[in-house]
Amino acid sequence: MFSPEETLGVYQELMDYIAERLGRPVELKQRRTYQEVNDMLGTGKLDAAILCSGPYVHAQRQYGVQLLAVPVIRGSPTYHAYIIVPSASSARSLEDLRGKRFAFTDPLSTSGYLYPVYSLVTQGDQPATFFAKTLFTYSHDNSIEAVAEGVVDGAAVDSLIYDYLLARHPALASRTRIIHTSPPMGAQPVGIPRTLDPATKQALRDLFLNIDQDPGARKILRQLGVDRFIAGSDALYDSIRAMLKAVAGVRLR
């Protein structure tokens, strides 16, 4: 969900902690698109992945990927989509972006693609005719930067990423403004391939579900903006499945 450079800074400490606890090397893999990560996870080239909620639903359908753990952020296993605009923009709602330039993050992203498209479809519009131009940035921080720099007139981004960047890079985020917040959706889970060996699966599950009990790991969780991880329920993602059904066949251009 972050650009590669930001991901390394945010997640490397978590990878190091997992390696230490499991007593085995852990290699952080990154790819440009969500589908590439799904393909690697589904075919067993990854043992686990932190997925956006939409890609998790797709990976479950396509490969039978399983839910391992769900993050709890600010007391809830959910997050939101934000529609953002430049701070100087006069826009106050999604409707005000009609005929404007708009950035999506990834075709599989819930907050960065599915939700704004669903919002348009349910009001009788289509992205291909509603916006003058659309583009994909392939990470939420890239979308935020595109809005801040005036490359686009608006974007849909993950609330967790936006809030994280607002706290750590206030100069960037302060040049943007939120004009819409979605209803809550299931937060980004840790997924595993259905073929993962039972011992590794149990070791990873125990690690994530108990990481908040380790004083040494609490700093890592704070840096990630996560309270703790829970086993979670697949029903958290039912609203995403409903949105996917509603937007089937929608055109971007």
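No lab work stands behind these numbers, since they all come straight from the coordinates. If you're wondering where the values come from, they're calculated on a predicted model, not measured in any experiment. Note that each Cβ is placed from the backbone with ideal geometry, even for glycine, and that neighbours are counted across all protein chains shown.
Numerical summary
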{"quantity": "Angle in degrees between helix 198-210 and the longest Cα principal axis of the chain, rounded to the nearest 10", "calculated": "70 degrees"}
{"quantity": "Environment charge at L97 (Cβ cut-off 14 Å; Lys +1, Arg +1, Asp -1, Glu -1)", "calculated": "+2"}
{"quantity": "Reciprocal mean inverse distance between Cα atoms of the range 1-150 - Kirkwood radius, Å", "calculated": "17.3 Å"}
{"quantity": "Directionally averaged projected area (convex hull, Cα atoms, the range 110-253), nm²", "calculated": "10.9 nm²"}
{"quantity": "On Cα atoms only, tilt of 4-22 relative to the major axis of the chain in degrees", "calculated": "20 degrees"}
{"quantity": "Pairwise Cα inverse-distance average, inverted: Kirkwood Rh of the chain (Å)", "calculated": "18.6 Å"}
{"quantity": "For the chain: relative contact order, % (alpha-carbon pairs under 8 angstrom, 6 or more apart)", "calculated": "31 percent"}
{"quantity": "Flagged links, alpha-carbon separation over 30 Å, of K133/K219; K133/K245; K29/K201; K45/K100", "calculated": "K133/K219; K45/K100"}
{"quantity": "Rg to Rh quotient for the range 79-184, alpha carbon positions, Kirkwood Rh", "calculated": "0.92"}
